[in-house]
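The values are calculated or read from the model by the stated rules, or taken from the named source; none is laboratory data. The shown structure was predicted, so the numbers you read here are calculated from the model rather than taken from an experiment. All Cβ positions, even for glycine, are placed from backbone atoms using ideal geometry, and neighbour counts span all protein chains on display. Accessible surface areas use protein heavy atoms only, side chains included; no ligands, DNA or RNA. Shrake-Rupley method; radii C 1.70, N 1.55, O 1.52, S 1.80 Å.
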Amino acid sequence: MGADPSSAARLFIVSGPGGVGKGTIVNALVERDPRLWLSRSWTTREQRQGERDTAYVFTDRDSFERRIAVDGFLEWTNFLGNYYGTPTPDPVNGRDVVLEIEVDGARQVKALRPDAILIFVLPPSRQEQERRLRGRGDAEDKVRQRLQKALDEEPVGMAIANHVVVNDDLERTVGEMMEIIRQHRLAD
Ligand code: ADP
Ligand code: 5GP
């Protein structure tokens, strides 16, 4: 097993409803800030058309359940019928960990690590979230499910968040998140 996550540097959680832009944002953050270490989640969902092989560790239910049994996840959840989980982080020394996860996982991590910094991302509007989900190529039923789920996720996420950010313009949002990260580093 990897290093004790409690001895690692800071832990940033980026959460928010599906299609809000979390994946896009965290990719931009880790590209710009080499001190950030992005955790790669495991999932049992199928790879999307055009989705990078490195977006997740794509796996099957048996393998996922075997990893649960050996306590190999910091958190895991069942989201719309598929498992998603964060393997126990093992960052290179001195780097801050970034998790991009849904709200139930964020709640679990905050309970385990109250010092974790949760940045909750909201869409500028429901219509724009829908447009982004469609633009990404999600099937119609997936679009509906994610929009419906957002109604439950948003109040929970906003209640436990340290910061709430509206992802309107991508550049502006990434800049705001980098500033949040900078302020937390300064405060330690
Ligand atoms: P999530 O990880 O939250 O499910 P994604 O990062 O996959 O969302 O983004 C969903 C879609 O929205 C992608 O096609 C992405 O390129 C697009 N997107 C992300 N942020 C913005 C933004 N600020 N403005 C317009 N489109 C965006
Ligand atoms: P998607 O299928 O759109 O890639 O992901 C569905 C949701 O699961 C998104 O909100 C995404 O952030 C979240 N997610 C991705 N990885 C994990 C993880 O390891 N744990 C949890 N709890 N959620 C995750």
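What the table below lists for this structure:
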quantity: Those GluC sites (Glu not before Pro) in the range 16-116 that DSSP places in a loop and that have at most 12 other beta carbons within 10 Å; calculated: Glu46
quantity: Positive-end residue of Ser125, Ala69, Ala111, charge dipole of the range 5-187 with Cβ unit charges; calculated: Ala111
quantity: Contour minus Cα-Cα distance for Leu170 and Asn82 (0.36 nm per residue); calculated: 28.9 nm
quantity: Distant-in-sequence amide H partners of Ile117 (H built 1.01 Å from N, under 5 Å); calculated: Leu11, Phe12, Ile13
quantity: For the chain, built as a Gaussian network whose Cα springs stay under 10 Å, the top-fluctuating residue of Gly21, Gly72, Gly135; calculated: Gly135
quantity: Amide hydrogen neighbours beyond the local backbone of Glu75, cut-off 5 Å, H modeled; calculated: Thr86
quantity: Solvent-accessible heavy-atom area per residue, rounded to whole Å², over the chain at 1.4 Å; calculated: 51
quantity: Euclidean distance of C-alpha centroids, the range 114-157 and the range 50-109, integer Å; calculated: 19
quantity: Largest-first ordering by accessible area, 1.4 Å probe, given options Ile13, Ile68; calculated: Ile68, Ile13
quantity: Accessible area of the chain belonging to carbon and sulfur atoms, whole % at 1.4 Å probe; calculated: 50
quantity: The range 1-87, dipole about Cα centre (Lys/Arg Cβ +1, Asp/Glu Cβ -1), debye to the nearest 20; calculated: 240
quantity: Span-like helix ranges in the chain, DSSP H, alpha carbon extent 20 angstrom or more, Kyte mean at least 1.6; calculated: none
quantity: Extreme residue, positive dipole direction of the range 5-187, given options Trp37, Gly23, Tyr84 (C-beta unit charges); calculated: Trp37
quantity: Computed magnitude of the charge dipole of the chain (debye, nearest 20; Cβ of K, R +1, Cβ of D, E -1); calculated: 120
quantity: Kirkwood-based Rg to Rh ratio, the chain, C-alpha trace; calculated: 0.94
quantity: Fluctuation leader among Val70, Val57, Val98 - the chain, Gaussian network, Cα springs under 10 angstrom; calculated: Val70
